[in-house]
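Beneath this line is the structure, given in structure tokens, with notes to follow.
The values are calculated or read from the model by the stated rules, or taken from the named source; none is laboratory data. The structure displayed is predicted, hence computed values, not measured ones. Every residue, glycine among them, receives a Cβ derived from its backbone with ideal geometry; neighbour counts consider all protein chains shown. Note: accessible area is taken over every heavy atom of the protein model, side chains too, but ligands, DNA and RNA are not part of it. Shrake-Rupley method; radii C 1.70, N 1.55, O 1.52, S 1.80 Å.
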Amino acid sequence: MTEKHFIPKAYKNSAEKGSYTWSSPSNIALVKYWGKKENQIPANPSISFTLNHCKTTTKLSFSKKENDDEFSFDVFLDDEKKDDFKPKIETFFNRIEKYLPFLKDYHFKIETANTFPHSSGIASSASGMSALALCLMSIEQALVPEITNEHFIQKASFLARLGSGSACRSLEGDLVVWGKHDQIEGSSDLFGVKYPFEVHQNFKNYKDTILLVDKGEKQVSSTVGHNLMHDHPFAKKRFKQAHENLSTLINVFKTGDIKTFIEIVESEALTLHAMMMTSMPYFILMKPNTLEIINKIWGFRQKTDSNICFTLDAGANVHVLYPENEAENVLEFIKNELVVFCQKGEYINDKIGFGAEINL
Ligand code: DP6
């Protein structure tokens with residue numbers, strides 16, 4: 001399949017105005033996407049757990065406008081006008097216009113709200129871009145009612161990817177793969193797909209407690225971050241490693257081998273940060289408290305034989321991952337020993353979810 005698959009035929013129907021609302025979750029990568037080629041094509045395949053509570057809800061209202069020579073839209077976050085969000089959305093619209101040729105025909109009002117605080121250091125681009133992509137697909141469906149549900153979701157993921165790479169993993173499924181991988185049939189660089197193989201009971205309802213170590217704005221934008229992988233001395237080896245780690249995870253998910261799961265997930269997190277530390281320019285995005293937490297987690301694991309582990313985004317916050325049957329003990333540990341390292345003691349309890357609230 002190529003990009004062409006997502007260019008629609010001429011629209012037969014029309015719509016004057018209306019509005020659609022969608023909710024879409026954030027996700028946390030187990031094998032990380034870090035490095036991309038032209039047109040938001042990932043340098044390596046990635047896989048993520050979809051989250052359940054960290055969500056963005058977006059209402060997209062549209063009305064036909066007179067001229068069709070430019071994009072016209074306003075953005076609101078929690079009812080407050082957010083002009084600083086506009087450049088990112090303008091870039092998104094420019095990238096997707098080819099696939100949604102109606103974009104310049106309407107004025108849009110984009111009203112968005114997150115279940116997590118905007119200044120939590122939790123990236124809202126995955127949930128935000130996927131929710132917006134779904135709203136746009138609802139408009140397309142009004143123009144082409146015969147769109148199948150499969151195409152709807154796949155194209156929503158395809159469009160979301162063009163807004164923010166990781167957003168294409170937020171549409172459907174608890175485990176989502178994005179990026180072509182030899183052993184994963186149907187995997188694609190163009191959109192995310194539900195992980196197609198067996199997943200052991202051990203990984204059902206997995207928990208993710210997000211420790212908010214640093215709630216500030218991102219120190220390195222994702223665009224700058226991904227670009228650091230161009231000409232990076234270890235890039236080639238790293239991209240190969242991502243393929244290998246995903247291969248190993250296939251067996252891990254099948255057999256329920258949590259020990260190997262932990263090794264891969266923690267190694268991926270540290271590798272992501274190692275890539276940043278060894279690029280030019282270089283960055284350290286962990287904070288002293290990130291390291292305190294990691295060491296505490298390792299200590300607790302050794303002492304109690306728990307299956308707790310951590311992963312990281314491109315920032316200082318720590319995602320603590322653990323199986324459902326350990327929730328009580330781990331939460332006790334988090335409250336007693338880790339919360340002190342969080343900014344204002346804040347953390348978010350989440351778990352694996354199943355994607356956007358879809359009712360097609
Ligand atoms: C470290 O999806 O935010 O979270 O495509 O430039 O929007 P853009 O990047 P983005 O990168 C996410 C990187 C990551 C790892 C991951 O989610 O796989």
key: Dipole magnitude (debye, nearest 20) for the stretch 21-106, charges at Cβ of Lys, Arg, Asp, Glu   = 540
query = Using Cα atoms only, what is the angle between the long axis of helix 149-163 and the major principal axis of the chain, expressed in degrees (0 to 90) to the nearest 10?
reply = 80
ask   = Of all accessible surface on the stretch 206-351 at a 1.4 Å probe, what whole percent is carbon and sulfur?
value = 52
message = Given the options Pro196, Thr248, Ser138, identify the residue whose Cα lies farthest towards the positive end of the charge dipole of the chain (+1 on Cβ of Lys, Arg; -1 on Cβ of Asp, Glu).
response = Thr248
task = For Thr148 paired with Phe234, estimate the spin-label separation in nm (one decimal), with each label point 7 Å from Cα along the Cα-to-Cβ line.
result = 4.3
ask   = Highest mean first, what order results for 19-27, 269-277 on Cβ atoms within 10 Å?
value = 19-27, 269-277
ask   = Which GluC sites (Glu not before Pro) in the stretch 43-136 pass both tests, a DSSP loop state and at most 15 other beta-carbon atoms within 10 Å?
value = Glu66, Glu70, Glu97
ask   = Rg/Rh for the chain: what does it come to with C-alpha atoms and Rh from Kirkwood?
value = 0.97
request  = Would you please give the residues with an amide H less than 5 Å from that of Ala15, counting only those at least 5 places away or on a separate chain, with H modeled from the backbone geometry?
outcome  = none
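Ranked from highest to lowest mean number of other Cβ atoms within 10 Å per residue, what is the order of the peptides 52-62, 189-199?
By packing density, highest mean first, the sequence is 52-62, 189-199.
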key: Cα centre as origin, Lys/Arg/Asp/Glu Cβ charges: the chain dipole, Debye   = 520
remark   = Note to self: with every protein chain in place and a 1.4 Å probe, the stretch 108-153 gives an accessible area per residue in Å² of 32
inquiry  = I'd like to know which of Leu228, Ala327, Phe310 lies farthest towards the positive end of the charge dipole of the stretch 206-351, counting +1 on Cβ of Lys and Arg and -1 on Cβ of Asp and Glu.
reply    = Leu228
inquiry  = Charges at C-beta only: +1 for Lys and Arg, -1 for Asp and Glu. How large is the resulting dipole of the stretch 206-351 about its Cα centre, in Debye rounded to 20?
reply    = 340
Vicinal HN-Hα couplings computed from phi for the stretch 317-325 (Karplus, 6.51 cos²θ - 1.76 cosθ + 1.60; Hz; Gly/Pro x) = 5, 10, 8, 9, 10, 7, x, 3, 6
inquiry  = Taking 35 Å as R0, compute the FRET efficiency from the Cβ-Cβ separation of Ile41 and Lys64 and round it to 0.05.
reply    = 0.55
Alpha-carbon centroids, the stretch 148-208 and the stretch 1-44: separation in whole Å = 12
